[in-house]
1. Work through the residues other than GLU71 whose Cβ is under 13 Å from its Cβ and net out their charges, Lys, Arg +1 and Asp, Glu -1.
2. Need the list of aspartates and glutamates near LYS77 for cross-linking: C-alpha distance under 12 angstrom, and skip anything on the same chain fewer than eight residues off.
3. Among THR81, THR47, THR76, which comes first, second and so on when ranked by fewest other beta-carbon atoms within 10 Å?
4. Given Cα positions, please report Rg to Rh for the range 7-58, the hydrodynamic radius being the Kirkwood one.
5. Quick check: net charge around PHE49, other residues with Cβ under 13 Å of its Cβ, Lys/Arg +1 and Asp/Glu -1?
Amino acid sequence: MQYPKICSVTALDNHLLLIEFDNHERRIYDVKLLLEIERFMPLKNITFFKNVMVEIGGYAIVWNNEIDISEYELWTKGMTTEFCQKSAPSIPKSSARIKIHRM
């Protein structure tokens, strides 16, 4: 099975990521589950955590050359979202109210 590619990522409060995929679906990924793994420990620093980027091609999100998370992980372990406000173009994604549904 081919998984959707990542179009954008937004770091939210509480070590959550809002991921938008090329099929227009958004998912929330909780990074807290990874923070005790040595490779991901630098993400405990909230300033560093918020510097997340989409890797060229949309196959992963990255913080540096050593820390990344694949589109497979984000897609399969992420939680689907429904925004309470259907149309909120003036509200930044990190401020929108989110209803989370576990897969």
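What follows is calculated from the coordinates using simple rules that are stated; it is not laboratory data. Remember, it's a predicted structure, so these values are computed and weren't measured experimentally. When we count neighbours, we look across all protein chains shown, and the Cβ atoms used for this are built from the backbone with ideal geometry, even at glycine.
1. That works out to -3.
2. Partners within reach: ASP30.
3. THR47, THR76, THR81
4. Over the Cα atoms of the range 7-58, Rg/Rh equals 0.98.
5. Once all neighbours under 13 Å are counted, the net charge is +1.
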